[in-house]
Amino acid sequence: MNKLKTFLPLGLAGLVIAIYAFTFVVQQYEVAIKLRLGQIVGDDYRPGLHFKVPVLNNIKVFDRRIQTLDSRPERFLTIEKKDVIVDSYTKWRISNAAQFFRSTGGNIARTSRLLSERVNTSLRNEFGKRTIQEVVSDDRLALMALLTKEVNENAQDLGIEVVDVRVKQIDLPPEVSESVYSRMRAERERVARDLRAQGGEAAERIRADADRQRTVIVAEAFRESEETRGEGDARASQIFANAFNQDREFYAFFRSLSAYRSSLGQERDVMVLEPDSDFFRFFRDPAGQ
């Protein structure tokens, strides 16, 4: 009984050590390959518990989650032979663990370098077929889809799958940017001059039309005023005639008084008339005889 108590913990410890030595665990986000003396004897081990032979077998575990390759901005030529500086990134993940190990030795830095070369080659080829306007227009999404497909095909020998290739930014070199900005500024200034000229022409037309309308309105107003004045004069003449016909003597007396007031009411006025002239007839005789 004492021996059993002594050897039981040792047996359990040995069992645990044996299980640890003869097994390996692959996590949900990992993929593994098994090596025997440097040769691949098992690949693409999925998540779970797997067996190995200690010392004889070596296990390589890789992260199969999506990785990001953020490339440095590179300069490419368009079909117009103009330089553009392209900043891009690539999303990739391991698709074939065995091929990945054979091609890159499982080294992420080496994988990034090899993948970056393929991405730059595809970018250079595609940008060389397009103008600057095409690569920055709505065709940009189609361009990135094409780049993703092309780079993915070229990266199959690395044992990886390229999920996405995205162009973050497209810039012109400083020396090109300045000339482009100068042309844009000159074009905007030309458009501004054209607009100002068109505005000046429209202003002259509006001003001329306003002057014409003013002249027409003034002329029509003068014509209407003259017609109104003529009608008023005619009406006044008619009233005077009616008044004269009603009492000719009183009308003649009233007109004479109005003439006296208008003629003699001012200071320093001098009138030279004969005393017996018809103008003073109401002075001589109130009856005007």
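The values are calculated or read from the model by the stated rules, or taken from the named source; none is laboratory data. The structure presented is a predicted model; accordingly, all values stated were derived computationally and were not measured. Please note: Cβ atoms are built from the backbone with ideal geometry, for glycine as well, and neighbour counts cover all protein chains shown. Each accessible area value is taken on the protein alone, full model and side chains, heavy atoms only, with ligands, DNA and RNA left out. Shrake-Rupley method; radii C 1.70, N 1.55, O 1.52, S 1.80 Å.
Using the Karplus curve 6.51 cos²θ - 1.76 cosθ + 1.60 with θ = phi - 60°, what ³J(HN,Hα) values do you get for each residue of the stretch 58-68, in whole Hz, with x for Gly and Pro?
Working through the residues one at a time gives 10, 10, 10, 10, 10, 7, 9, 6, 5, 9, 10 Hz.
Could you give the length gained by full extension between Phe24 and Lys129, i.e. 0.36 nm per residue of separation minus their alpha carbon distance, to one decimal place?
32.7 nm
For Met184, Met144, write out the residues from largest to smallest accessible area, computed with a 1.4 angstrom probe and no ligands counted.
Met184, Met144
Which of Val119, Ser95, Thr78 sits closest to the plus end of the dipole of the stretch 34-123, meaning its Cα is farthest towards the positive end, when Lys and Arg get +1 and Asp and Glu get -1 on the C-beta?
Ser95
Kindly list the residues of the stretch 48-68 that lie in the label zone of Arg166, defined by a backbone N under 15 Å from the point 7 Å along the Cα-to-C-beta vector.
Taking a point 7 Å out along Cα→Cβ of Arg166, the residues of the stretch 48-68 whose backbone N falls under 15 Å are 66-68.
What whole-number distance in Å separates the alpha-carbon centres of the stretch 112-144 and the stretch 174-223?
First find each Cα centre; the distance between them is then 44 Å.
Tell me the net charge near Glu153. Cut-off is 12 Å between Cβ atoms, Glu153 excluded, with +1 for each Lys or Arg and -1 for each Asp or Glu.
Counting the neighbours of Glu153, the net charge comes to -1.
What distance in nm separates the simple spin-label points at Thr121 and Ser237, each placed 7 Å from Cα in the Cβ direction?
Calculated label separation equals 11.1 nm.
Residue separation times 0.36 nm, minus the C-alpha to C-alpha distance between Glu74 and Arg188: what's the value?
38.0 nm
What is the set of long-range amide H partners of Thr23 at a cut-off below 5 Å, with H atoms built 1.01 Å from backbone N?
Lys52
Let me make sure I get this right: for the stretch 33-189, a, b and c are the square roots of the gyration tensor eigenvalues over alpha carbons, sorted descending. Under 1.5 in a/c it's rounded, otherwise prolate if a/b > b/c, else oblate. Which is it?
prolate
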